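Every number in this text was worked out from the coordinates using simple rules, so none of it is lab data. Nothing here was measured: the structure is a model prediction, and the numbers come from that model. Cβ atoms come from the backbone with ideal geometry, glycine included; neighbour counts cover every protein chain shown.
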């Protein structure tokens, strides 16, 4: 990429050259990255296996029943129960007050886990 | 949605919120394309001549399902089948071969029209191998391109 967008300062004029510099920079990003989408499936766990996860998204989707656990064993575990109608449960991780953003946590007993920002 | 170049600004035109918001929309699209999901894949190996079922969960976002199974040698398999079981949409068998003869199956399935955007679904892989052979599910992923 070669276009450096203008860094605005108070009092700067909004010129077409400066605004179009933003578009040129975005076009250069797109030329390299395209709008290429990619995501990996999450395999089902075998009985008794434990997922190690990090709070990088807001919602934890899961299958079956299990426990969300504090790796340090200090905080209370959170019970996870799926909705039997769709065989999936969803927990808003914002409701787990001891789980900080980026923190590691375990999920034991569930058949699968999926972290997402969407409900 | 896909990225499109915003309209160029021209001299003497009124600078509007709509025009500026086209920049925001384009940046948002570039950001979403670059985000990587937190999931990781774990390979699964089948060794049973009476059949093994593996499952994986996916949330539909991209058009193509890429998957691959590698067998341990030639003349190895008695059955190989991949299907999907969505929460809402109809179940589908995407691949079925009762006598797989290749050592590696790397396939791309077109999911267009089979799933709703954002719908959760289970990918089911059934492998039956011949005695002393094995078959390994190497990966399973959605991509926006077929190649």
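Run the Debye formula on the Cα coordinates of the range B:1-140, all scatterers equal and no solvent, and tell me log10 I(q)/I(0) at q = 0.09, 0.10, 0.16, 0.20 1/Å.
The calculated log intensity ratios at q = 0.09, 0.10, 0.16, 0.20 Å⁻¹ are -0.42, -0.49, -0.87, -1.15.
Calculate for chain B the 222 nm mean residue ellipticity that helices alone would give, adding -39,500 (n - 2.57) per DSSP H run of length 4 or more and normalising by residue count, nearest 500 deg cm²/dmol.
-4000 deg cm²/dmol
Mind checking the angle between helix B:17-34 and chain B's longest principal axis? C-alpha axes, 0 to 90 degrees, to the nearest 10.
Here the helix axis deviates by roughly 20 degrees.
Within 10 Å of each Cβ of A:41-53, how many other protein chain Cβ atoms are there on average?
5
Fewest Cβ neighbours within 10 Å first, please rank A:15, A:3 accordingly.
A:15, A:3
Is it possible to state the helix-based mean residue ellipticity at 222 nm for chain A, with each DSSP H run of 4+ residues giving -39500 (n - 2.57), the sum divided by total residues, to the nearest 500 deg cm²/dmol? What is it? Don't jump to the answer; show the numbers that get you there.
Working: 1 runs with 18 residues, N = 119.
Result for chain A, helices only: -5000 deg cm²/dmol.
Can you sort B:82, A:93 from fewest to most other Cβ atoms within 10 Å of each residue's own Cβ?
Working: B:82 24, A:93 19.
Ordered from fewest to most neighbouring Cβ atoms within 10 Å, B:82, A:93 come out as A:93, B:82.
Compute the distance in nm between two label points, each set 7 Å from the Cα along the Cα-to-Cβ direction, one at residue B:31 and one at residue B:108.
Each label point lies 7 Å from its Cα, and together they span 3.0 nm.
Could you put A:106, A:54, B:3 in order, starting from the residue whose Cβ has the fewest other Cβ atoms within 10 Å?
With the sparsest Cβ surroundings first, the list reads A:54, A:106, B:3.
Give me the percent relative contact order of the range A:49-95, please, defined on Cα pairs under 8 angstrom at least 6 residues apart.
Values: 59 pairs, mean separation 19.3, N = 47.
Over the range A:49-95, the number comes to 41 percent.
With the contact rule set at Cα under 8 Å and sequence spacing of 6 or more, what percent relative contact order holds for chain A?
31
So what does log10 I(q)/I(0) come out to for the protein assembly as shown at q = 0.12, 0.13, 0.15 Å⁻¹, using the Debye formula with one equal point on every Cα and no solvent?
Once normalised to I(0) and log-transformed, intensities are -0.86, -0.95, -1.10.
So if I average 1/r over every pair of distinct C-alpha atoms in chain A and take the inverse, what Kirkwood radius in Å does that give?
Details: mean 1/r = 0.0565 Å⁻¹.
Roughly 17.7 Å, rounded to one decimal.
Once label points are set 7 Å from the Cα along Cα→Cβ at both residue B:20 and residue A:90, what is their separation, rounded to one decimal in nm?
3.4
Taking chain B as a Gaussian network, where each spring joins two C-alpha atoms under 10 Å apart, which residue of B:88, B:27, B:127 fluctuates the most?
Result for chain B, Cα springs under 10 Å: B:27 fluctuates most.
Round to the nearest 0.05 the FRET efficiency obtained for residue A:32 and residue B:132 when R0 = 41 Å and r is the Cβ-Cβ distance.
0.30
For the peptides A:44-51, B:6-13, B:61-68, what is the packing order when you average, over each peptide's residues, the other Cβ atoms within 10 Å and list the highest mean first?
B:61-68, A:44-51, B:6-13
For residue A:75 and residue A:20, compute 0.36 nm times the residue count separating them, minus their Cα-Cα distance, and round to one decimal in nm.
Gain on stretching residue A:75 to residue A:20: 14.6 nm.
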